There are 4 protein chains.
Amino acid sequence: MIAIAITIMVLELRVPHGADWAALRPVVPVLLTYALGFVFLGTYWNNHHHMLHATDRINGKILWANLHLLFWLSLVPFVTRWVGESHFAPLPTAVYGGVLLLAAVAYLMLTIAILALHGPSSRLAKAVGRETKGKLSAALYVVAIPLAFVSPWIAIGIYVFVALFWLIPDRRIESTIR
Amino acid sequence: MIAIAITIMVLELRVPHGADWAALRPVVPVLLTYALGFVFLGTYWNNHHHMLHATDRINGKILWANLHLLFWLSLVPFVTRWVGESHFAPLPTAVYGGVLLLAAVAYLMLTIAILALHGPSSRLAKAVGRETKGKLSAALYVVAIPLAFVSPWIAIGIYVFVALFWLIPDRRIESTIR
Amino acid sequence: MIAIAITIMVLELRVPHGADWAALRPVVPVLLTYALGFVFLGTYWNNHHHMLHATDRINGKILWANLHLLFWLSLVPFVTRWVGESHFAPLPTAVYGGVLLLAAVAYLMLTIAILALHGPSSRLAKAVGRETKGKLSAALYVVAIPLAFVSPWIAIGIYVFVALFWLIPDRRIESTIR
Amino acid sequence: MIAIAITIMVLELRVPHGADWAALRPVVPVLLTYALGFVFLGTYWNNHHHMLHATDRINGKILWANLHLLFWLSLVPFVTRWVGESHFAPLPTAVYGGVLLLAAVAYLMLTIAILALHGPSSRLAKAVGRETKGKLSAALYVVAIPLAFVSPWIAIGIYVFVALFWLIPDRRIESTIR
């Protein structure tokens, strides 16, 4: 489903009205927004894959926590489009941050639901750790959202920072899984 | 495929024409409709997952019963859009209930087809039980559909009640599967 | 991918412009076209599932034969839309039959590629048999296509007949797989 | 996800405005572009399947290399549409080649990441070989891109050549996997 959300974003890309460099220029910011959304959804995909791969049991609570996460992730193409069409206006940028924040909170809730079933001494619990990275991301979004009304670019800068922060492979999880 | 139907609903969401709070207001009911559709399809997804997970054999009848269910679920984005665009008019609300009813009936038929293959003493039969919940939902939809012509909000209220009713985790199934 | 093609067809459904019975009437033929396309793609899905389930080896030829089948199936939403928008005009109806014919031929080619790898004495070969049903369907399409220029309804009637013909569960395959 | 990208391309196909042969004619080049895009994405799908099938371990680097490949492949429907709408103008044709080149480079990077984890003496390393085919394709794209500004048809010719070149089943990989 994360894959579908990513591909829906590309469906939203408008083909340039013309075939010269001038026609390509207005598409550049949209492509950058797409790339940013791709990195966000891709990060969730990778981490989700890592976590579910180490999960060997499932219950109703986990299924619902997972659906809750997918709900917020499914709104990412919608807010990405809004930010793009409004040329990074304050409110859309803040709403974008809000959706990212709620997705981060949903991910933490999913982690908690999985850890509750597997117990604190499980292989997964060691791999996931105390989810400092997730909590820090959520805190950064909380800071970024009001700043979007001061300057959307500060907020976008913080979102990009969080994205890059997640791009760094989480060596601790990998080594535990290996 | 349920995942695709969910994501298609988000594709139908219109981006607000503007970047202020006033532009966001008309989108709110559409987002609520989306959230309701998400809960409906998500409930089917979770229950479907639970049931198919406990299924170890399959035959042509099950495959067709499954496709029949997917047919009605695939119409959910279409009727959700119609309800949203008509601002909860009576006929679209009744048709929405009709699609939900037919999906509920198709789910019961799928359950019966799976139980017929696995036998009444199987682990699955114990987990699924007598499908009281499914039959009660279908009965509530039958009541709600004519009421949509009295007041669409009564019908919507019943649909939301059924959705919340399913959100409560089915502890019986879980404990049997565990 | 067949699931995606099905859901794309529902995306093409136009929401009625109004909320009364009169507005619903023009949508009825489109919904019937959708249901027909759903049955066609669903039949391929079920048979494809049955066949690949009994396949334990794969090679490059099978992968390409599979892609070739998916190519023609991916065009089904496109021709379904064209038939619907042209209100069952002769040429679109003939082209629709052409795509169904090429999909049927591609399915036969996939069957041959799988049987060539598994050998004539395999469990699969017994299950699939001599593919009489597939060859008969192809022959019926060949007859239907020119008849679309006489009367599109004769051609549509033959397509519906082939679809119903496939809906009857293939007991032979099932019993062999069981 | 490659499947989704393929199906999105068919969603972009415009239904002919009419029901006669004249209406079908302008659709022919678009269908050819679709077929070309289908072959490109299908080739990646098959090779991707082959490679991941022989992969028994995974790490963060492989997940990101995989996402990087999917990023460029997800842009294929977008550039395909642009090439089609601009009737094979030089710039869109060059950009199309650029996306194909970056996808080819991403595939090489994914191969390197997988081989780095599995070691040079693994079954996979023998199957994948020295990736001469991938490097040659990348080199051909580098040659084709500037030639698009001389004549887009020369560039398209080279892209088609690379596509056909990949259609030939890779007997070496198959025999090793078998």
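Structure notes:
- Cβ-Cβ under 8 Å pairs, at least 6 apart or on other chains, segment D:139-159 side touching a residue at least 24 places away in the same chain (Cβ under 8 Å), far side surrounded by 13 or more Cβ atoms within 10 Å (Cβ to Cβ) and not in a helix (DSSP H, G or I): D:PRO152/D:PHE88; D:PRO152/D:ALA89; D:TRP153/D:PHE88; D:ILE156/D:PHE88
- Residue in segment C:167-177 that is at negative phi and at pLDDT 80 or above present: no
- Residue match in segment C:136-158 (condition: surrounded by fewer than 18 Cβ atoms within 10 Å (Cβ to Cβ), modelled with pLDDT under 90 and within 25 Å of B:LEU63 (Cα to Cα)): yes
- Residues of segment A:9-54 satisfying the condition of being β-branched (Val, Ile, Thr) and within 15 Å of the chain's Cα centre (by Cα): A:THR33, A:VAL39, A:THR43
- The one condition from (1) crowded, with 20+ Cβ neighbours inside 10 Å; (2) free of Cβ contacts under 8 Å to residues at least 40 places away in the same chain; (3) within 10 Å of the chain's Cα centre (by Cα) that B:LEU102 does not meet is (1).
- Residue that is surrounded by fewer than 20 Cβ atoms within 10 Å (Cβ to Cβ), in contact with a Gly (Cβ under 7 Å, 6 or more places away or on another chain) and without any contact (Cβ under 8 Å) to a residue 40 or more places away in the chain, where the choices are A:LEU108, A:LEU115: A:LEU108
- Of all residues making up segment A:13-31, the number that are within 16 Å of A:PRO77 (Cβ to Cβ) and either in a loop (DSSP other than H, G, I, E, B) or within 7 Å of chain D (Cβ to nearest Cβ) (or both): 2
- When segment D:89-98 is filtered for residues that are surrounded by 20 or more Cβ atoms within 10 Å (Cβ to Cβ) and either away from chain A (no Cβ under 11 Å) or touching a Gly at 6+ places or on another chain (Cβ under 6 Å) (or both), the ones remaining, listed by number, are D:TYR96, D:GLY97.
- Of all the listed residues (A:LEU75, A:LEU69, A:LEU52, A:LEU63), the sole one being of a type outside the set (Phe, Trp, Tyr), under 15 Å from B:ALA3 (Cα atoms) and free of Cβ contacts under 8 Å to residues at least 24 places away in the same chain is A:LEU63.
- Residue in segment D:75-88 that is within 14 Å of chain A (Cβ to nearest Cβ), within 14 Å of the chain's Cα centre (by Cα) and either modelled with pLDDT of 90 or more or surrounded by fewer than 18 Cβ atoms within 10 Å (Cβ to Cβ) (or both) present: no
Results for (1) surrounded by 20 or more Cβ atoms within 10 Å (Cβ to Cβ); (2) away from chain B (no Cβ under 14 Å); (3) more than 14 Å from A:VAL162 (Cα to Cα), shown as yes or no for each residue.
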residue: A:TYR34; (1), (2), (3): yes, yes, yes
residue: A:TYR44; (1), (2), (3): yes, yes, no
residue: A:HIS48; (1), (2), (3): no, no, yes
residue: A:ILE58; (1), (2), (3): no, no, yes
residue: A:ASN66; (1), (2), (3): yes, no, yes
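- Residues located in segment D:8-54, provided they are of a type in the set (Ser, Thr, Tyr) and more than 30 Å from C:PHE149 (Cα to Cα): D:THR43, D:TYR44
The values are calculated or read from the model by the stated rules, or taken from the named source; none is laboratory data. On a predicted model such as this, the values are computed, not experimentally measured, just so you know. Cβ coordinates were reconstructed from backbone atoms using ideal geometry, including for glycine residues, and neighbour counts include every protein chain displayed.
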